[in-house]
Amino acid sequence: MTKICAAAMTVVGMTAAAQAMEPVTPQPASPLTYSDPAYAKVVPAEAKKMLEAGVVMIDVREPDEFAEGHVPGSINVPLSSFKFGMRLSAVPNLDDKVLVICRSGVRAERASRVLVESGYRHVYNAYGTSQWPYGLVR
């Protein structure tokens with residue numbers, strides 16, 4: 001019985017760890033579980049390419065966090081200002097791609113959900129500034 005319980009606990013632990021693993025370091029503060037056809041997560045290298053192609057990046061951290069360092073060209077729209085049915089002034093077209101970033105990816109996921117449920121069709125979670133290897137500006 002002890003061997004079975006230990007084996008079951010190992011499998012459960014591995015399953016939980018596998019679900020929590022994202023392709024970035026450090027890992028987000030909590031698991032990212034939102035799923036929708038209009039939503040995807042992109043690693044920093046892909047987000048950088050999208051930025052270079054002209055996709056707008058929305059940083060959903062609070063203004064004091066944004067001032068401490070942000071991705072060059074990103075626009076600060078705090079998560080606290082997000083409301084269902086909203087339109088971003090920087091991305092008024094619901095068919096345009098939009099990147100969303102925060103510190104670790106968790107708030108970006110919450111904001112992405114609001115955007116998708118508000119009609120945006122191409123929303124990308126770029127995780128967070130803690131995983132961004134390309135430098136931040138103040």
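The values are calculated or read from the model by the stated rules, or taken from the named source; none is laboratory data. Just so it is clear, the model here is predicted, and its values are computed rather than measured. Cβ sites come from the backbone with ideal geometry, for glycine too, and all protein chains shown count toward neighbours. Ligands, DNA and RNA are stripped out before the accessible areas are found, and what is left, the full protein with its side chains, is counted by its heavy atoms. Shrake-Rupley method; radii C 1.70, N 1.55, O 1.52, S 1.80 Å.
Which one is nearest to Tyr124 (Cα to Cα), of the residues in segment 53-86 that are of a type in the set (Phe, Trp, Tyr) and surrounded by 11 or more Cβ atoms within 10 Å (Cβ to Cβ)?
Within segment 53-86, the first condition is being of a type in the set (Phe, Trp, Tyr), and the residues that meet it are 66, 82, 84.
Okay, now just the ones that are also surrounded by 11 or more Cβ atoms within 10 Å (Cβ to Cβ), so 66, 82.
Working: Phe66: 19, Phe82: 16 Å.
Top of the filtered list is Phe82.
Just wondering, is there one or more residues in segment 98-111 that are more than 12 Å from the chain's Cα centre (by Cα), open to solvent by 20 Å² or more (accessible area, probe 1.4 Å) and farther than 16 Å from Ala38 by Cα? I'd like the intermediate steps shown before the answer.
Taking segment 98-111 and keeping what is more than 12 Å from the chain's Cα centre (by Cα), we get none.
Checked against the condition, which is being more than 12 Å from the chain's Cα centre (by Cα), open to solvent by 20 Å² or more (accessible area, probe 1.4 Å) and farther than 16 Å from Ala38 by Cα, segment 98-111 yields no hits at all.
Yes or no: Tyr127 assigned to a loop (DSSP other than H, G, I, E, B), closer than 21 Å to Asp36 by Cβ and open to solvent by less than 10 Å² (accessible area, probe 1.4 Å)? If you could, list the steps in order and put the result at the bottom.
Values: assigned to a loop (DSSP other than H, G, I, E, B): no; closer than 21 Å to Asp36 by Cβ: yes; open to solvent by less than 10 Å² (accessible area, probe 1.4 Å): yes.
When the stated conditions are applied, Tyr127 does not pass them.
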